[in-house]
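Undergrad: I have a structure I would like to understand better, so I am pasting it below and will then ask my questions one at a time.
What follows draws every value from the coordinates through simple rules; no lab data is involved. Keep in mind it's a predicted model, so treat the numbers as computed, not measured. Counting neighbours? That spans all protein chains shown, and the Cβs are built from the backbone with ideal geometry, glycine included.
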Amino acid sequence: MKKMALASLVAVAMVGCGGSSGSGGSAADTKTGRLDGQVANISHSSKTLNVNGYALRSDGAPVMYRDGVELPFDQLVNGMRVQIDADNNQIETMKLDPSLTGMVSAINGDTFTVNGITMTFAGLTGINVGDWVMVTTYPLADGSVEVVAVQKVPALGFVEIEGPVSQLDTHTFKVGMVTVDYSNADVDDRDELGNGAWVEVYGAYNTDTKTLLATEVDVEDDHDYDDTEIEGVISWVNNSLTQIELNGRLRIEVNNNTEFDDGRREDLASGRWVEVEMVLRSGRLVATEIEFEDGGDSIKGKEFQAVGEAKYQDGVFTINDIEIELNGQTEFDDGLNHDNLDTSWVEVEGRYLKDASGTGRYVAIEIEREDRFDDDIELEGPVINGTIWGYEATDSSLIKYEGRWVDLDCDFNGTYLSRCDD
């Protein structure tokens, strides 16, 4: 895999804006290496642009897309996502990485539809139904998606969408709400194709059946991000601050050697806009430096922590009859796996997301063993009808949290909670 996808199309609450570029390095800084981020401060006449805060020169480097498709430099606009290899601020290679490409099938004010996906963007002037466009999005921590660029391009003869796989069977899967028929597709890394895997799908979109007939499916690999500086939104942080998820896709380790700019390790939180320099070590991405690029007032996501006896039957995982989704990106620690998960006492961390219909779901990111006989318990999630994660309290300590999403420490006798406090 060559491209590095970031934006999730699984969410639906979309907002329009003009981009969220971070400052990164100063314009005077020298950069040699790989960058992944948004175009900013572009000058078509001088063929210069900024990515992650670095002022870069093009001097004729081609703007490449897929399979040798090349676009002129003057079709680049601020907000488009690119991957660049630079040498002393000189662009050597540049590749476009849109979130989706296709024909506009509907426009209503600031709302438009491409490949069956409806989005909102306040910059559609000059774009009409029937035009081909590249759309760049970034996911927000609450599961919604921010459209940061929509650029008209020539008809390409193929469409693209990207995002995590769900509902995989032998012939189809979904990316967000779009059904993909991959029965006749060339699948890269077929063994890695599974629910939760991040894919880029190319093919033709059938508006009648609302199905993307795939000709190629590329499954992404962490090796693509080795020695890369990338920008994006933290979508999840584990409780020990040793792991983050970036852009709803990349799982990145944080350790005592990770350096922090404009913030501290304790400032890691879902919703923060950051730039991360990372390397691949022992098959895992490790952050060497994290720079905070916002004021800490970004949209926050909903994270959860559940503790209890796991039930895993017929591929369905529950704790206290509350279903938690497992996928190919779920990490099992302490020797746990699908075969021994059932009846184990576990702690689960993850994200709460909503789909296009507004239906919410818990998605497990990390599962580890927990001591069944601890007399205290930490739970994060909603308090509903006097319970949190199916546990009732023997006192009134949950009452004041009714209807709220909270992170609580409680006493626990193995069945009931008491003395819950945030």
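Undergrad: Please list, by residue number, everything in the range 200-220 whose backbone N is under 13 Å from a paramagnetic label point 7 Å out along Cα→Cβ of Asn327.
TA: Residues 200, 220 fall inside that zone.
Undergrad: Looking at Asn247, Gly358, Ser105, which one has the Cα that reaches farthest to the positive end of the dipole of the chain (charges on Cβ: Lys, Arg +1; Asp, Glu -1)?
TA: With unit charges placed on the Cβ atoms, the residue in question is Ser105.
Undergrad: Another question, if that's okay. How high is the FRET efficiency from Asp355 to Asn413, r the C-beta distance, R0 45 Å, rounded to 0.05?
TA: Efficiency computed from Cβ-Cβ geometry: 0.75.
Undergrad: Listing Ile161, Ile127 from the residue with the fewest other Cβ atoms within 10 Å to the one with the most, what is the order?
TA: Ile127, Ile161
Undergrad: If you don't mind, another one. Once you have the Cα-Cα distance between Asn385 and Ser46, take 0.36 nm times their residue separation minus that, and quote the gain in nm to one decimal.
TA: Gain on extension, Asn385 to Ser46, equals 115.8 nm.
Undergrad: For Met80, what residues show an amide H to amide H distance below 5 Å, using hydrogens built from the backbone and excluding near sequence neighbours?
TA: Val39
Undergrad: How much space per residue, in cubic angstrom, does the convex hull of the C-alpha atoms of the range 169-254 take up?
TA: Once divided by residue count, the hull of the range 169-254 is 128 Å³.
Undergrad: For the range 328-389, rounded, prolate or oblate, judged on the Cα gyration tensor with a ≥ b ≥ c (square roots of eigenvalues), a/c < 1.5 rounded, else prolate if a/b > b/c?
TA: In terms of gyration-tensor shape, oblate.
Undergrad: What nm distance separates the two modelled labels at Asp421 and Asp226, each placed 7 Å from Cα along Cα→Cβ?
TA: My value for the distance between the label points is 5.0 nm.
Undergrad: Using a 7 Å offset from the Cα along the Cα-to-Cβ direction at both Asp267 and Glu92, what is the distance between the two label points in nm, to one decimal?
TA: Label at Asp267, label at Glu92, 3.2 nm between them.
Undergrad: A further question follows. Let me check I have the definition right: for the range 211-260, take the eigenvalues of the Cα gyration tensor, multiply each by 5, take square roots. What are those semi-axes in whole Å, largest first?
TA: 28, 14, 9
Undergrad: Taking the range 202-252, which trypsin sites (Lys or Arg not before Pro) meet the DSSP loop condition and have no more than 16 other C-beta atoms within 10 Å?
TA: Those satisfying the criteria are Lys210.
Undergrad: Go ahead and set up a Gaussian network model of the chain, Cα springs under 10 Å, then flag whichever of Val104, Val39, Val129 fluctuates most.
TA: Val129
Undergrad: Also, quick follow-up: Please list, in chain and number order, the residues 5+ apart from Tyr54 or on another chain whose amide H is under 5 Å from its amide H, with Hs placed from the backbone.
TA: Those lying under 5 Å, H to H, from Tyr54 are Gly25.
Undergrad: Additional query: Given 4 °C and 1.567 mPa s, compute D for the range 311-358 with the Stokes-Einstein relation, Rh being the Kirkwood radius over Cα pairs; round to the nearest whole µm²/s.
TA: My calculation gives 108 µm²/s for D.
Undergrad: Under a Cβ-only charge scheme (Lys and Arg +1, Asp and Glu -1), can you give me the dipole magnitude of the range 148-255 about the Cα centre, in debye to the nearest 20?
TA: With only Lys, Arg, Asp and Glu charged at Cβ, the dipole is about 700 debye.
Undergrad: Taking the convex hull of the alpha carbon atoms in the range 302-421, what volume per residue do you get, in Å³?
TA: Expressed per residue, the convex hull around the Cα atoms of the range 302-421 is 104 Å³.
Undergrad: Moving on to the next point. Provide the gained length on full extension for the span Thr125 to Phe73, in nm with one decimal, where the gain is 0.36 nm per separating residue minus the Cα-Cα distance.
TA: 16.7 nm
Undergrad: Continuing with the same structure: In the chain, what is the volume of the convex hull around the alpha carbon atoms, normalised per residue and reported in Å³?
TA: Convex hull volume per residue, Cα atoms: 151 Å³.
Undergrad: Ranked by Cβ crowding within 10 angstrom, fewest neighbours first, how are Ser43, Ser282, Ser144 ordered?
TA: Ser282, Ser43, Ser144
Undergrad: With the crude spin-label approximation of a point 7 Å out along Cα→Cβ, what separation in nm comes out for Asp334 versus Ser105?
TA: Distance between label points: 4.7 nm.
Undergrad: Something else now. About the Cα centre, and with charges only on the beta carbon of Lys, Arg (+1) and Asp, Glu (-1), how big is the dipole of the range 163-219? Nearest 20 debye, please.
TA: About 320 debye.
Undergrad: Nearest 0.05, what FRET efficiency do Ser183 and Leu280 give at R0 = 45 Å with Cβ-Cβ as r?
TA: The value I calculate is 0.85.
Undergrad: Might you report the magnitude of the Cβ-based charge dipole of the chain about its Cα centre, with Lys and Arg at +1 and Asp and Glu at -1, to the nearest 20 debye?
TA: Approximately 1780 debye in magnitude.
Undergrad: Still on this structure, please answer the following. For Ile399, Ile299, Ile230, what's the fewest-to-most ordering of other Cβ within 10 Å of each Cβ?
TA: Arranged by neighbour count, lowest to highest, Ile399, Ile299, Ile230 become Ile399, Ile299, Ile230.
Undergrad: Another one. What is the range 73-208 by shape, rounded, prolate or oblate, if you read a ≥ b ≥ c off the alpha carbon gyration tensor as root eigenvalues and call it rounded for a/c under 1.5, prolate for a/b larger than b/c, and oblate otherwise?
TA: oblate
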